[in-house]
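Engineer: Okay, here's the structure, questions in a sec.
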Amino acid sequence: MDKKNKKSMRMTTILLKTFSLVGLLIAFSCTPDETQVVTEFQDLVFYDEFDTDGLINPDIWGLSDGTGTDGWGNNELQYYTDRTENASVRKGILTIKAVEEDFSGAAYTSARLSTKGLKEQKYGRFEARIKLPTGQGIWPAFWLLGANNGDGTNGTEIWPNSGEIDIMEYRGQAPTIIHGSLHGPGYSAANPITKSYALENDRFDNDFHIFGIEWTASYINYYVDDVLYNQITREQVEEKGVWVFDQPFFIMINLAVGGDFVGAPNNETVFPQTMLVDYVKVYKK
Amino acid sequence: MVQNGKLELTFISTLVNNIKKDKMKTTKYKYIKATLLLLLALSITSCERELSDKAEFATYGTTGNIFIDAPVGLTDQFFVSFDPAGGANTEGFGTDESVTYQGASAIRIDVPAGDDFNGGFIGGIFVDRGTGRNLTGYDALTFWAKGSTTATIGLVGFGTDFIEDKYAVGLENIKLSTDWRKYTIPIPDASKLIQEKGMFIFSAGGIGAFPEMGYTFWMDELKFEKLGTLGQPQPAMANKEDKVETKFLGDQFSMADYGLTQTFNLASGINQTVTAAPSYFSFTSSDIEVARVSDAGIVSLVGSGAAKITASIAGVAVAGSLTINVAGAFPVAPTPSLAASNVISIFSDAYTDEAVDFYNGFWLPFQTTLGGETTIDGQSVLNYTNFNFVGTQLTTPIDISEMTHLSIDILMPEVLPTDIDMLVQLKSDNTDPNTFQQQRIGGQTYAWDPRTGDVNDTESNATFETGGVWKTIKIPIRPTSETGLDKTTVNLIIIENIKNSNVTEFHIDNLYFYKE
């Protein structure tokens, strides 16, 4: 998969030199086509293939603890813990598990991993290979948040001014569809710049799929496996608000239960639910 | 499941299997001959076996289409109706060129009113015109449908061929919209369907209470598909419970009686549950000296003790289980002592029985009762399970004017159900539906209907004191002036579970009319 991507990108670079105008036009029509604008990000900066059993690498990942404010701002129902019951590494796979249990006032527990303060980067290719969970009210995500995110003091910025790049969001009740979105000033919360991608003749909870973006100073490309399904340009963003994507971002991977995006689980939702991550890789130019 | 749980079908299927084997043999010889010719012509060596095997495999077509703009590869009659004797209306089936989802033609079904003189419901099957199809490459049967009004179709499915019904699948109570809507019936395990003849089954009754209102619905683009978007199989039995039952040694029953289902999650996020025939399942008994399960899901109780039956489909464990406690031998029913000249027998070893069409009409779509005539430890009895109502129909109406009573021996299960409340009805075939005699049994003493008979008659409104013991019930035949029943043409005996009492299973023997 990885090699294939590299190959197709090299090809497109050549095409880009010759047909850059044509490429741009096709890119705007959002068709998955090899002549889309793709930048070369081949220099692997860091990766985690989760090859050490039992260990979530503390040099890369921090684990959240608690329910945040108002369920992390989305009325989510889970309590994030740093226990191995909710996040563990075994046989090359990171497993994030949503469990139905009473825990400090919450009805569910789960986990959220973040590279905040550990691995932060401006621009690049961010991708992960993930097998998604399933069921009403299940909300996994693979996303980036501006490293300057904070309370607005000491040089930090309040969300959404700090920016958010959602590489993959998914509703467990719609198992063939993922969403790629940008949040920033003028386009946030229920009004992001977003596009959905539906698998043909397959679903995201049956097997692993690669979710990635390629992010430059002028656009962000979204892809699933080898399909480039969207490009959001700086111009498009600036029609709605401010482009806030010229600073380092960190990675978040989490499995939420309930919340405004998906609604609550129902009596058909099976627990526990697991989000399996084969690898996370970050490249630069 | 429709038509399932009929143990006598085992014989037919063995027969069919034998015929199939013979056919396959002949085919194989033919191909070997052809291969030899080929060998001579092309001077190829060493691939005889490979070629003939491949050729044999190709004898079952893989076409998924059933009805697109016309029937695809179906038998000439296209639609094979359920038995009109059971109330099926054969008139309402056809095609429509003006209302279609796509293309030139759609299937049009006019669901009759409940009191339609041609039959009060419609249903039947579509059968492959060849030797059956290999459907292993598909994962669902899909079609588009719409109704003339919003209504509910009782059953759609496939795998029923009126011969084996080996891989029958049913999706129950689908809701029609007045606009076209796509329906998906998942295949519980497609690897089983290497030679399927039952392409489609449906059954629909009218809307509301009797006499139900008729309506029309259309179906189009009926086909097996490889959707690829089905996931999360959740097979189940016995409502996912660990059910425990006590049964008699020598008893035999089908696992189809225990709510076998398969559930797949669709792309829409909906969990679609279908009923699935036992042959999709792989059953395991914890003690084969107590209970044995055949490939067709028939359980035979061969020893005393307890055995737990669990199952899987395609390697996925089935939620729920059935534990059978086998207590002892099946009790012998009382032997009737009346002279044959004073008896009209419906079901008894002591007398010559009147000919019947059936001891269970499997009346779709509302009947759930399974079972019928069976043999337990050498005794011929009627065994009913999953009981809501069941009817015995005589081939020729009988005259019971001279008779004074209807006698029935009933055996309730070892663990006696509470609130037993059943209704026995006698009907004639030529009077209006509202004239009949009915008698409540089970010891309940509240009034039901003026035609119900005397609830204080201890012999007819019998109380069941213990389970596992035969009880003889004698129902007086009452004057036509009280009941409206035409006693000269009685052709139906129906037993109903009224007020949803807890009776789910019982045995019957020695069912006969007599005069004192």
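Engineer: Under the Karplus relation 6.51 cos²θ - 1.76 cosθ + 1.60, θ = phi - 60°, what is the ordered set of whole-Hz ³J(HN,Hα) values for segment B:255-272, x standing for Gly and Pro?
Structural biologist: Rounded to whole hertz, the list is 5, 4, 6, 10, x, 6, 9, 10, 10, 10, 7, 8, 4, 6, x, 6, 7, 9.
Engineer: Accessible area of residue A:279, 1.4 Å probe, to the nearest 10 Å²?
Structural biologist: Estimated to the nearest 10 Å², residue A:279 gives 20 Å².
Engineer: Could you please put A:157, B:225 in sequence from largest to smallest accessible area, using a 1.4 Å probe?
Structural biologist: From most accessible down to least: A:157, B:225.
Engineer: While we're on this one: Top to bottom by accessible area (1.4 Å), largest first, where do B:352, B:504, B:142 land?
Structural biologist: Largest accessible area first, the list is B:352, B:504, B:142.
Engineer: Quick one: which residues, 5 or more positions from residue B:469 or on another chain, have an amide H under 5 Å from its amide H? H modelled 1.01 Å from N in the peptide plane, none for Pro or chain starts.
Structural biologist: The answer is B:412.
Engineer: Any chance you could look up the accessible area of residue A:200 with a 1.4 Å probe, heavy atoms only, rounded to 10 Å²?
Structural biologist: Taking all protein chains as shown, residue A:200 has close to 150 Å².
Engineer: Enumerate the calculated ³J(HN,Hα) couplings along segment A:264-276 in order (Karplus 6.51 cos²θ - 1.76 cosθ + 1.60, θ = phi - 60°), each rounded to whole Hz, writing x wherever the residue is Gly or Pro.
Structural biologist: Ordered by residue, 3J(HN,Hα) equals 6, x, 10, 5, 8, 6, 8, 10, x, 10, 10, 10, 9 Hz.
Engineer: Can you list the HN-Hα couplings for segment B:409-416, worked out from phi with the Karplus curve (6.51, -1.76, 1.60; θ = phi - 60°), rounded to whole Hz and with x for Gly and Pro?
Structural biologist: After applying 6.51 cos²θ - 1.76 cosθ + 1.60, I find 9, 10, 10, 7, x, 3, 8, 5 Hz.
Engineer: Take the Cβ-Cβ distance between residue B:294 and residue A:196 as r, set R0 to 51 Å, and report the resulting FRET efficiency rounded to the nearest 0.05.
Structural biologist: With a Förster radius of 51 Å, E is 0.55.
Engineer: Further question on the same structure: For segment B:185-323, what relative contact order do you get, as a whole percent, if you take Cα pairs closer than 8 Å and at least 6 residues apart?
Structural biologist: Computed value for segment B:185-323: 27 percent relative contact order.
Engineer: At 1.4 Å probe size, what's the solvent-accessible area of residue B:498? Round to the nearest 10 Å².
Structural biologist: 10
Engineer: Related question: Taking every pair of distinct Cα atoms and averaging 1/r, then inverting, what Kirkwood hydrodynamic radius in Å comes out for segment A:132-285?
Structural biologist: With all distinct Cα pairs of segment A:132-285 included, I get 16.3 Å.
Engineer: Then there's this: For B:223-229, what's the mean count of beta carbons from other chains sitting within 10 Å of each residue's beta carbon?
Structural biologist: Taking all residues of B:223-229 together, the mean is 3.
Engineer: Only Cα pairs within less than 10 Å get springs; with that Gaussian network setup on chain A, which residue of A:254, A:149, A:191 has the largest fluctuation?
Structural biologist: Greatest mean-square fluctuation among the candidates belongs to A:191.
Engineer: Measure nothing but the geometry: give the 0 to 90° angle between the long axis through the Cα atoms of A:2-28 and the longest principal axis through the Cα atoms of chain A, rounded to 10°.
Structural biologist: That helix lies at roughly 60 degrees to the long axis.
Engineer: Of A:90, B:133, B:292, which has the most accessible area and how do the rest follow, probe 1.4 Å?
Structural biologist: If we order A:90, B:133, B:292 from most to least accessible, we get A:90, B:292, B:133.
The values are calculated or read from the model by the stated rules, or taken from the named source; none is laboratory data. Predicted model only: the values in this text are computed from it and were never measured. Cβ sites come from the backbone with ideal geometry, for glycine too, and all protein chains shown count toward neighbours. Quick note on the areas: whole protein, heavy atoms, side chains included, nothing else; ligands and nucleic acids left out. Shrake-Rupley method; radii C 1.70, N 1.55, O 1.52, S 1.80 Å.
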